[in-house]
Amino acid sequence: MKQIKHTSLFYTIVAVAIILFYLLDSTEILTLKIGTAHPILLIPLLVSVSMTAREWVGLVFGCFTGILLDITAADTYCFNLVAFALIGCVCGLLCSYFVNDNIYSALVLSVCSSLAYFTVKWLVFFVFDGNADALQFFVNHSLLSAIYTSLFIVPFYYAIHFISKKTNYIS
């Protein structure tokens, strides 16, 4: 069975893109915030990388992305590390065994990943902490941010697939 593998240039470009989007978001140079919705651009980027390069690469880049987000977040206790590692690995596994690699699948995976991330984050940091306005925060912030985040899969999907076609080989 022939396998498509990527050169080190693919992994370098993806790592630089992750660092760039992380820096632009954490320094608020590029803020795409609309009202209370604040997208985390690293989720759709990770989904598209995981769909292209599959589960192990998704796991590694998910860990890398989670560590970057946990560095600057207060009191997350490795939440982002675990969440992004799971997103990367699960999306890669689903594309390896169950889901076709197309834009429709990417959109569904992005919506599911964003909703799962923001819902679990809301549960862990708002509901279990006993905040009185937790439901209002979920509707006004988390749900809107999840939907807004998932829309960025379209440019990332096509960009990652373009880079993948230019930097792969068959073994």
Quiz item: Within region 13-51, which residues are under 12 Å from I160 (Cα atoms) and among the hydroxyl-bearing types (S, T, Y)?
Solution: S48, S50
Self-check item: Which listed residue is within 16 Å of I40 (Cα to Cα), small (G, A, S) and touching a residue at least 24 places away in the same chain (Cβ under 8 Å), from S105, S96, S145
Solution: S145
Self-check item: Members of region 21-50 found to be assigned to a loop (DSSP other than H, G, I, E, B) and open to solvent by less than 10 Å² (accessible area, probe 1.4 Å), listed by number
Solution: P39
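Anything in region 3-19 that is touching a residue at least 40 places away in the same chain (Cβ under 8 Å), hydroxyl-bearing (S, T, Y) and open to solvent by 70 Å² or more (accessible area, probe 1.4 Å)? List them, or say none. Steps first, please.
Narrowing region 3-19 to residues touching a residue at least 40 places away in the same chain (Cβ under 8 Å): 3-7, 9-11, 13-15, 18-19.
Retained after the next criterion (residues that are hydroxyl-bearing (S, T, Y)): 7, 11.
Y11, the sole residue that qualifies.
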Quiz item: Scanning region 110-137 for residues that are aliphatic (A, V, I, L, M) and in contact (Cβ under 8 Å) with a residue 12 or more places away in the chain, which turns out surrounded by the most Cβ atoms within 10 Å (Cβ to Cβ)?
Solution: V111
Quiz item: In region 71-109, which residue that is more than 13 Å from the chain's Cα centre (by Cα), farther than 17 Å from L59 by Cβ and of a type in the set (G, A, S) is most open to solvent (accessible area, probe 1.4 Å)?
Solution: A74
Exercise. Output the residue which, of all residues in region 138-171 that are modelled with pLDDT under 95 and among the aromatic types (F, W, Y), is least open to solvent (accessible area, probe 1.4 Å).
Key: F138
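The values are calculated or read from the model by the stated rules, or taken from the named source; none is laboratory data. In this text, all values refer to a predicted model and were calculated from it rather than measured experimentally. All Cβ positions, glycine included, derive from the backbone under ideal geometry; neighbour counts span all protein chains shown. Accessible surface areas use protein heavy atoms only, side chains included; no ligands, DNA or RNA. Shrake-Rupley method; radii C 1.70, N 1.55, O 1.52, S 1.80 Å.
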